[in-house]
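Heads up: the structure comes next, in structure tokens.
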Amino acid sequence: MNIFPRDFTHTLTGFGGDPNMNKEQHRKTIKKAPIILIHGNAAHVAHPTFGWDTMKRFLKEEGYQDCEIWAMDYLGENRSFPPEMPTPVRNHIDDVREFIDDVIDYLNVERIDIICHSLGGMMTCAYMRGYRSDGTFDNANHRLDNVGTAVFLATANNGLGRFSPGEFQTGGSFEVNSHIFNGVKDDSPRGTDDPKQMIIPEEAKTCQHESEESQGVKNPEQMFAEMAALEESWKVTTELDVGTLPPQNVYVAITATGDFVDKQNKDTGRLEGAHCNLRFNLGPNIMGHSQILMQRGVFDAFKGCLNKHPPGIPVSALQRIAVSPVSIRVTESAPIKVSEIGEISPKPLSVTVNVTPADMVVSYTTKRVTKEYQAGYIIENVAETCSGKLRNGEGLTLSKDGIWDVTFSGTGASDIKRMYGVSVIKPAVEIETPDRPKFTDSLEVKAKASSGKLYFSFDGMHFNEGNRVKISETNTVYFIAIDKGNASEIVYRFYEKEAV
């Protein structure tokens, strides 16, 4: 795959930006911190198992535009097995560094966000800390100032064990020095200095003590003291960390428990002092290593950490933004009527925006749509669409009967999406099966609709008719109801299986 704007020249293949726009158009259009996607070993951007198609879809559902999503094939176009060993990072770091720097220059932004998988996390660490193709770290050539948020998915941040080769060896030169910056041991330099802001796995606080507690080996005082010490071992700060909100660099580390990376070195995905350390049981070996890219529940766990450094907002303004967030609020001219058969809005419906800060301009897009189920897909038919811009206190009017999809977006703000049934009934869907506690063997997931037929899906794209489905592994289950062309929102819930 090689899909880039014509005036973006680079030797690596991949995808990024909008091919129909030039540099100046990109710079005028971007609203969110651009995302760089960095794949893992034995993979490429379009790999069916370890590629970025699903992640790109998740990002676009959250309001990211094509011009804000970039990815490169740093191992070679369509490269697959065998994996490259033992020094893929030093072999390709120069190309990765050049690509990311070129995207930053092309878009004229101060910072980008990175979502990386497996070996891609090692490449990200190397980029941020100034790793060289001769196998040494030059921290003076770091790129911490270029990165806002770095999300590490199923990465061997602590190596794959002491007998693994080259850059994968725990205790080897790369692994040891990847935790050091300017002589200070720090997994997350320039991250938050406030342990209260750090999220760690719940089981990390208790798992080592439950069996001992049940056997009466330790008294409660000793047990709770050790639990506190264990928690503190994740929440590490150093003199490199900063007090700004948000911090200069936000780190997220997510482990697929039991995948082939975690099996070789348990908790190797952990980053001490990261804003967020999480574990998900996504299946064994290859399954878990792939599902960390495919499950919407995983994406939802870290999406709030993205776009902490939006374009056009100087770093010096970060603390002000943290106190007074950039936001969009919408109000309707009349209440939405809710009944047993669905929701309906009066005609005409006026929708007003209020924004913070008050001088921000909001872009909007409206679509009047119908939907139908065809051969496993939900087909959307657009009757009309409109787009424009609004200032604080201004609004738009929906005057024709039908289901309207409306999206509001602004630089630095989370998109606001609304669906209205203007003078028509919009079906409502409720998922009845709770997502807690985690299930152990299998689970039947059920939903109900106020009207119409229900359809379910495991990926949000391929659907089957039905109001219930049985799952035996961690999964995200989606539902939609359609009644004579009028459709509900797609709703979903993430169900995690208890690790054995």
The chain - share of DSSP beta bridges that are antiparallel (%, nearest 5): 70
Over the chain: helical MRE at 222 nm, DSSP H runs n ≥ 4 each giving -39500 (n - 2.57), nearest 500: -6500 deg cm²/dmol
Pairs of Cα atoms farther than 29 Å apart, the chain, %: 55
Among the aspartates and glutamates, select those whose C-alpha is under 15 Å from the C-alpha of Lys196, and discard any that sit fewer than 8 residues away in the same chain. Glu231, Glu232, Asp241, Glu272
At R0 = 35 Å the Cβ-Cβ FRET efficiency linking Gln197 and Ala358, nearest 0.05, sits at 0.80
For region 397-444, take N as its residue count and report Rg(C-alpha) divided by 2.2 N^0.38 Å. 1.84
Could you pull out every residue, at least 5 positions away or on a different chain, whose amide H is within less than 5 Å of the one on Ser327? Hs are placed 1.01 Å off N in the peptide plane, and Pro or chain starts have none. Thr356
Once the Cα atoms of helix 119-129 and of the chain are each reduced to a long axis, what angle between those two axes, in degrees from 0 to 90 to the nearest 10, is obtained? 70
With 0.36 nm assigned to each residue of separation and the Cα-Cα distance removed, Glu84 to Thr385 gains 103.6 nm
Any chance you could check the Cα centroid distance between region 371-415 and region 230-266 for me, in angstrom? 38
Per-residue Cβ neighbour rank within 10 angstrom, fewest leading, Val261, Val406, Val361: Val361, Val406, Val261
re region 429-495: pairs of Cα atoms spaced beyond 13 Å account for a percent value of 59
With an 8 Å Cα cut-off and a minimum separation of 6 or more residues, compute the relative contact order for region 341-500 in percent. 23
Counting alpha carbon pairs within less than 8 Å and at least 6 residues apart, what relative contact order, in whole percent, applies to region 324-422? 33
Exposure-ranked with fewest Cβ neighbours within 10 Å first, Met72, Met419, Met198 stand as Met419, Met198, Met72
What list of ³J(HN,Hα) couplings, whole Hz, do you get for region 393-398 from phi and the Karplus terms 6.51, -1.76, 1.60, once you set θ to phi - 60° and write x for glycine and proline? x, 8, x, 10, 10, 9
For Val351, Val500, Val252, Val338, what ranking results if the residue with the fewest other Cβ atoms within 10 Å of its Cβ goes first? Val500, Val338, Val351, Val252
Please give the helix 88-107 orientation as an angle from the longest Cα principal axis of the chain, in degrees from 0 to 90, rounded to the nearest 10. 40
Treating the angle as unsigned and between 0 and 90°, give the value, to the nearest 10°, between the Cα long axis of helix 285-294 and the longest Cα principal axis of the chain. 40
For region 324-422, restrict the atom set to alpha-carbon positions and state the Rg and Dmax in Å. 14.8, 48
Below 8 Å between Cα atoms, with a sequence gap of 6+, how large is the relative contact order for the chain in percent? 11
With only Lys, Arg, Asp and Glu charged, each at its Cβ (+1 for the first two, -1 for the last two), find how big the charge dipole of region 324-422 is about the Cα centre; round to the nearest 20 debye. 160
Using label points projected 7 Å from each Cα along Cα→Cβ, tell me how many nm separate Asn20 and Ser133, to one decimal. 3.8
How far apart, in nm, are two points set 7 Å out from the Cα along the Cα-to-Cβ line at Phe260 and at Ser327? 4.6
Could I have the simple spin-label model distance between Lys417 and Glu61, label points 7 Å from Cα toward Cβ, reported in nm to one decimal? 0.7
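Laboratory data are not the source of any read-out in this text; all were calculated from the coordinates shown. Please read all numbers here as calculations on a predicted model, not as lab measurements. Note: ideal-geometry Cβ built from the backbone for every residue, glycine included; neighbour counts use all protein chains shown.
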